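Chemist: What follows is a structure written as structure tokens; I'll ask about it next.
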Ligand SMILES: [Zn+2]
């Protein structure tokens, strides 16, 4: 079992200027081939940036380098893009899913609440302006999941149909149907918390984290303290993270 972790979207803050982040996409070797987790910005965003990307180019200092698109990262890792038949999404904000048209043959796995939030065209919360309809105009096949009574530790968990053992972990709040992803590793677990936590960021005030990321950050920090066998990360990670954890086995 190998999880490749790579940066598929660099986005640095203008202030504080030392806050630099890449976005973690995963490529998980499974019994059904490589499974991509989140996609970062897709190739089309670099050619025809949506208003959301244009806004982020003003308020951040992103390099806007198309080499970071997941399809290019996948090739750099030695995989053929057409071998990726399954993509798991933590959620459908623009920076997590705009690359799905680059893999039109892939099934898209996510929580039904998130799919509904993306497709119902109701803005129930300000985060939903980050849903960009054009990413699914190619009509990909979706595999939608509902919360079950299965548990992973104390969290609700939805088994995914892959080996190694993988679970969607509903961590709603950053977006309506946002989920983390737990993957069994050789000596424990890897919990990719998506945009529900900022576990390595001790500078941003808790009220701001709660406002932007939802209610799970303190819960996950406490969980991390009590479970050293679980490697917890979130989507927007400091640059060195991608060097330290390029491959998880
Ligand atoms: Zn998000």
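Every number here is computed from the coordinates shown, using simple stated rules; none is lab data. In this text the structure is predicted, and so the values were computed from the model without any measurement. Quick reminder, even Gly has a Cβ in these numbers, built from the backbone with ideal geometry, and neighbours come from all protein chains shown.
Chemist: On full extension of the chain, what length is gained from residue 148 through residue 243, given 0.36 nm per residue of separation minus the C-alpha to C-alpha distance?
Modeler: 30.6 nm
Chemist: Using helices alone, I'd like the mean residue ellipticity at 222 nm for the chain: each DSSP H run of four-plus residues gives -39500 (n - 2.57), total over residue count, nearest 500.
Modeler: -5500 deg cm²/dmol
Chemist: With a ≥ b ≥ c the root eigenvalues of the C-alpha gyration tensor of the chain, is it rounded (a/c under 1.5), prolate (a/b larger than b/c) or oblate?
Modeler: Rounded shape, in that the Cα axes give a/c under 1.5.
Chemist: Another question, then. Over all distinct alpha-carbon pairs, what is the Kirkwood Rh of region 142-182 in angstrom?
Modeler: One decimal place: 10.5 Å for the Kirkwood radius.
Chemist: Determine the percent antiparallel among the DSSP beta bridges restricted to the chain, to the nearest 5.
Modeler: So the antiparallel bridges amount to about 65 percent of the total.
Chemist: In nm, give the distance between the simple-model label positions of residue 47 and residue 125, each being 7 Å from the Cα along the Cα-to-Cβ direction.
Modeler: According to this spin-label approximation, the distance is 3.4 nm.
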